[in-house]
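The values are calculated or read from the model by the stated rules, or taken from the named source; none is laboratory data. In this text, all values refer to a predicted model and were calculated from it rather than measured experimentally. Positions of Cβ are generated from backbone atoms using ideal geometry, with glycine treated the same way; all protein chains shown enter the neighbour counts.
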Amino acid sequence: MNNETPARPVQFCARNLLTDAREFARREPLTAAAAALGFGVLLNLLPTRVLVGTAAVVGALVVRPVLLSLGVTKVLELCCQNNPNQTPRI
């Protein structure tokens, strides 16, 4: 029925990202050091209030649609469990 590959947990994605970053740093150490330095300077120049405020605003904007979509997904999942032979109508 479902031929899609299952979603990978965040831990696997984080490990892959760290592995890729390490390989990049080994292949091109000067570029990796310059990128890290630039990112560090950028974070030090920005006020903490701006970073936290932006994260809070984006989080507040995203929470409602995410919760709504998770609720709809759960309702559809429960409907499909009750009637396994019937496809849901939307």
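Would you be able to tell me the number of residues in the range 62-77 that are charged (D, E, K, R) and surrounded by fewer than 10 Cβ atoms within 10 Å (Cβ to Cβ)?
Of the residues in that region, 1 qualify.
Name the pairs whose Cβ atoms lie under 7 Å apart, with the first residue in the range 30-57 and in the same structural domain as residue 18 (by TED's automatic domain parsing) and surrounded by 10 or more Cβ atoms within 10 Å (Cβ to Cβ), the second of a type in the set (Phe, Trp, Tyr) and in a helix (DSSP H, G or I), and 6 or more positions between them or separate chains?
That search, which allows pairs on different chains as well, returns 32/24.
Which of the residues that make up the range 12-29 are assigned to a helix (DSSP H, G or I) and either more than 23 Å from the chain's Cα centre (by Cα) or in the same structural domain as residue 51 (by TED's automatic domain parsing) (or both)? Before the answer, list the steps.
Let us first name the residues in the range 12-29 that are assigned to a helix (DSSP H, G or I), namely 12-27, 29.
Those that are assigned to a helix (DSSP H, G or I) and either more than 23 Å from the chain's Cα centre (by Cα) or in the same structural domain as residue 51 (by TED's automatic domain parsing) (or both): 25, 26, 27, 29.
Scan the range 30-46 residue by residue and report those that are part of a helix (DSSP H, G or I) and over 18 Å from residue 18 (Cα atoms).
So the first thing to find is which residues in the range 30-46 are part of a helix (DSSP H, G or I), and the list is 30-45.
Passing the criteria: 38, 41, 42, 43, 44, 45.
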